[in-house]
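Here the structure comes first, spelled out in structure tokens, and everything after it is commentary.
The values are calculated or read from the model by the stated rules, or taken from the named source; none is laboratory data. These figures come from a predicted structure and were not determined experimentally. Heads up, the Cβs are rebuilt from the backbone with ideal geometry, glycines too, and the neighbour counts pull from every protein chain shown. What goes into the accessible areas is simple: the full protein's heavy atoms, side chains included, and nothing from ligands, DNA or RNA. Shrake-Rupley method; radii C 1.70, N 1.55, O 1.52, S 1.80 Å.
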Amino acid sequence: MDIVEEYDVITEADLDNLKDVISNQDLPSAINTIKDYLKKQDLVELNIGVTGESGSGKSTFVNAFRGLGDEEEGSAETGPVETTMEPEVYLHPKYKNVKVWDLPGIGTPNFKADEYLKLVQFERYDFFIIIASDRFRECHTQLAKEIMRMGKKFYFVRSKMDSCIDAEKRKKNFDQKKTLDKIREDCENGLRKIGIDDPVVFLISSFKLGKYDLNQLQERMEKELPQHKRRVLLLALPNITLEINEKKKKALQANIPKIALLSALVATVPLPGLSCAVDVAIIIQQTEMYYSVFGLDDPSLQKLCERSGKTLEELKSLMKSSLHFGINPASILPLLGAASLIVAENAVEYVASLIPIIGTVVAGGMSYMTVSIMLKRALNDIAEDARNVLMAAVGTDV
């Protein structure tokens, strides 16, 4: 299987068109063209509809999913009564193509699922999250059945688990696992009684999103989404569990061959200085993106400090990547040169033979391997930094 088929993210036509464009540009324009192309790779739109009864915690979940607290700038309005009277979209702070919709509450005496879905423009959403803070009721199943009838996915989420567990802790012989199993079973049995044959319920606390069933919910959503939207969902999730941290690393690692293929393409364009300049630009762009995805950029670290009680200096002291002091051509070039030496010691002709679209071109093979080595090293280091920071900030909760 060749690289293009395996990753299914870039076509021969894409490469041919890109090569034609940059072949007729000067050096600065060609570099900007490559940068723009990289940015466009993650513009797949994802729309998530969050619904449930008034007071169930819809808006708080919308905020938590986007990594925001209820009182932060850009957060959805929350309150003890229904604050959402029509669908309201909230963009992810880092991925504007990820849109989380806070939908009007359900559960009125005359609730009709078909009319509700028409009101909220059913067709725009990739999937729905149906939230209840207590028992699931007839309105929840009406909505679920109508969503299913119209050919889309939904997920039952039992919210406010933190409050529920705190209340149960007052009882003698409290056992958290048994308590969670009992709540889940009660929700599932309730759904069966009102018409859902094989229900699956995810237990969530929006104030402690990393606990309970977030990982299981993420896995289910990712499994059922079209392939081109799975990566978008995963990267947009807040980096709050070790499992999500590892999945993000794997998703970014799978993307490295595509990025390296672009470098190999540029190396075949006869424009002096272009190949090295583009390699530096690619590595800077991707490394900055890695820091953002793992929440190691300064704004994300500052939020983590506020929630964990740690200082910025404490968290940064755990970061060992050589690039966390600053990502720029001066810090990239020495590492790029070292990676090029490693490539030169290997059979470049073999590497080039793995790139059928480019052809057996030594320059293309060297660029491909150099960028691959650099990005893999950077990703491994940054993912490890993220793991250390997360464990220090959240402790055993991850």
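Heavy-atom accessible area for Glu168, with the other protein chains in place and a 1.4 Å probe, reaches approximately 50 Å². Placing Met85, Met369 in order of accessible area, with the largest value first and a 1.4 Å probe, yields Met85, Met369. Taking a straight Cα-Cα cut-off under 26 Å and skipping sequence neighbours fewer than 8 places away in the same chain, the lysines within cross-link reach of Lys172 are Lys160, Lys182, Lys208, Lys211.
Quick check: net charge around Glu224, other residues with Cβ under 14 Å of its Cβ, Lys/Arg +1 and Asp/Glu -1? Net charge in that neighbourhood comes out at +3.
Remark: for residue pairs Lys145/Lys229; Lys169/Lys248; Lys118/Lys248; Lys223/Lys316; Lys178/Lys250, the C-alpha separation exceeds 29 Å in Lys169/Lys248; Lys118/Lys248; Lys223/Lys316; Lys178/Lys250. Using a probe of 1.4 angstrom and keeping all protein chains present, the accessible surface of the stretch 28-176 works out to 50 square angstrom per residue. Just how much of Lys96 is accessible, in Å², when a 1.4 Å probe is used and the result is rounded to the nearest 10? Here the residue's solvent-accessible area equals roughly 120 Å².
Solvent-accessible area of Leu68, all protein chains in place: 20 Å² (probe radius 1.4 Å, heavy atoms, ligands and nucleic acids excluded).
The largest accessible area among Thr60, Thr78 belongs to the first residue in Thr78, Thr60, and the rest follow in falling order (1.4 Å probe, all chains).
Residues whose amide H lies under 5 Å from that of Val98, counting only those 5 or more places away or on a different chain, are Leu46, His92; hydrogens are built 1.01 Å from N in the peptide plane.
Using the Cβ-Cβ distance between Arg149 and Asn32 with R0 set to 56 Å, the FRET efficiency from 1/(1 + (r/R0)^6) comes to roughly 0.70.
Spin-label model, Asp198 to Asp70: label points 7 Å out along the Cα-to-beta-carbon direction sit 3.7 nm apart. Each Lys or Arg adds one and each Asp or Glu subtracts one; over the other residues with Cβ under 13 Å from the Cβ of Met148, this totals -1. Taken as Cα centroids, the stretch 167-226 and the stretch 81-154 sit 19 Å apart, rounded to the nearest whole angstrom. Going by accessible surface with a 1.4 Å probe and the largest first, Tyr291, Tyr37 read Tyr37, Tyr291.
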